[in-house]
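Read-outs throughout are calculated quantities, based only on the coordinates presented, and are distinct from any laboratory measurement. Quantities reported herein were computed from a predicted structural model and do not represent experimental measurements. Don't worry about glycine lacking a Cβ; one is built from the backbone with ideal geometry, like all the others, and counts go over all protein chains shown.
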Amino acid sequence: RQDLIDQAYDVMRHNDRGTYTVPTHGLYPFQWNWDSALSALGFAHFDESRAWTELETLFAHQWDDGMVPHIIFHKEDDGYFPGADVWRTGRPVPTSGITQPPVAGFAMRRIFDRSREKEAVIDRVRALLPKVHAWHRWFHASRDPQAAGLVAVIHPWETGRDNSVDWDDAFTRVPVEGVEPFQRRDTSHTDPAHRPTDEQYKRYVYLLQLFRGLGWDNSRLHDASPFQVVDPGFNAILIRSCADLAVLAQELGETDIARESRAFADRGIDAMESLWDEGLGQYACFDRIKDALVQSPSIGGLLAAFCAIPAGRAACIARRIEALAHSARFMVPSHDPLAPDYDGKRYWRGPVWLVVNYMIADGLHAAGQTEIARRIASDSLRLIEQSGFAEYYDPMTGEACGGGNFTWTAAMVIEFLK
Ligand code: DGY
């Protein structure tokens, strides 16, 4: 046990660039938004100050409108596509132009709750609070123009679940004509059979070019995008972060932020019910352009348990995971192995990811579903013991997939074990 913690910390130190951490050497050579925030949880066990630095660096690159970009290109590195020269967002330190799951509010509260040196860090937390809140406000203003209570993503990269089956149908409406020629770099670092397809990459780049052509103006991007999907997992993360920020703000006497954050969370939880799919027995994505739920049994609908959904819904999610355990050895596959488009090695079309396991287990534990939460934690650790600190794992064989020596996988191991 201590041995695993030591190994995990070694992985994190190896990827530490001083004020930020790269997800893994080679494949992802910059700072990624949700990787950083979740990795801060791991750092906090050894060096709390370093954990706050990770978050501070991320928010130092927040845009004026409140968005926090998904990649910060701190240093040049031509081993990644699409690099800063493709995004061309015009930021002093180059960044991408889209965002990622807003886990920072959740991470902040968790790190501060456990802090053994609250007095020493309180000013830093106080300085971060309005920044995180501005990001949450940005989501509601820019990605929920009809005030439905839930936000849409306009690019699959925003969800982190880049090539989920969830996007397949919506992606047929994203054209590939006019996409500038490009050369992928990811497939030179890792097995192409574990990565998205070339066809998907063309559509990722189409959307990037479209948004770039609109000057990265967030007041226009949502309505202009042919891809507008409401993802239950993404929204659960936002709702959880708003709820956690409300508690933290209250503790620090920031009552306006507390009130507004609580209101965001309450509205979001009510609206989540519109994503419940009785047939699937879980939450589902909603395609705003098509005006319909997406019939896709993916982990996005299970990650909904990360926010305070009603107890009956949490019980249904626990039952769904119990059912998945009949067809896979390791929980929780990112797509139902019995569904036709399942692919156990290809990124988000089947493999197990420890960060999602951690968030689902956390939510189910809070909802009183402790047995299944324990099962998820123990499967996660079995994967590490068998295959090391990989990016993701085949849910049948436990084989390591994608990149190796992965920062957030290591951080989650520390969280599961501490
Ligand atoms: C990638 O390049 O694979 C990332 O997921 C995009 O952020």
*asked:* Among the residues in the stretch 72-87, are any over 19 Å from Ala411 (Cβ atoms), touching a residue at least 60 places away in the same chain (Cβ under 8 Å) and touching a strand residue (DSSP E or B) at 6+ places or on another chain (Cβ under 8 Å)?
replied: yes
Taking the stretch 385-418 and keeping residues surrounded by 24 or more Cβ atoms within 10 Å (Cβ to Cβ), among the hydrophobic types (A, V, I, L, M, F, W, C) and in a loop (DSSP other than H, G, I, E, B) leaves Phe389, Ala390, Phe406
In the stretch 59-69, anything touching a strand residue (DSSP E or B) at 6+ places or on another chain (Cβ under 7 Å) and crowded, with 22+ Cβ neighbours inside 10 Å is listed as Pro69
Given the conditions (1) of a type outside the set (D, E, K, R); (2) assigned to a loop (DSSP other than H, G, I, E, B); (3) surrounded by fewer than 17 Cβ atoms within 10 Å (Cβ to Cβ), every one holds for Trp216 apart from (3)
Scanning the stretch 179-201 residue by residue, those within 14 Å of the ligand (Cβ to nearest atom) and assigned to a helix (DSSP H, G or I) turn out to be Asp186, Thr187, Ser188, His189, Pro192, His194, Asp198, Gln200, Tyr201
Screening Thr370, Thr407 for residues that are more than 23 Å from Asp10 (Cβ to Cβ) and among the hydroxyl-bearing types (Ser, Thr, Tyr) leaves only Thr370
Reported set for the stretch 91-117 where residues are within 21 Å of Leu214 (Cα to Cα), part of a loop (DSSP other than H, G, I, E, B) and of a type outside the set (A, V, I, L, M, F, W, C) is Arg91, Pro92, Pro94, Ser96, Gly97, Thr99, Gln100
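For (1) among the basic types (Lys, Arg); (2) without any contact (Cβ under 8 Å) to a residue 60 or more places away in the chain, each residue gets a yes or a no:
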{"position": "Gly301", "(1), (2)": "no, no"}
{"position": "Arg313", "(1), (2)": "yes, yes"}
{"position": "Arg319", "(1), (2)": "yes, yes"}
{"position": "Gly344", "(1), (2)": "no, yes"}
{"position": "Ala361", "(1), (2)": "no, yes"}
If we take the stretch 21-90, then helices (runs of 4 or more DSSP H) inside it with 2 or more residues that are within 15 Å of the chain's Cα centre (by Cα) and more than 15 Å from the ligand (Cβ to nearest atom) are 33-44
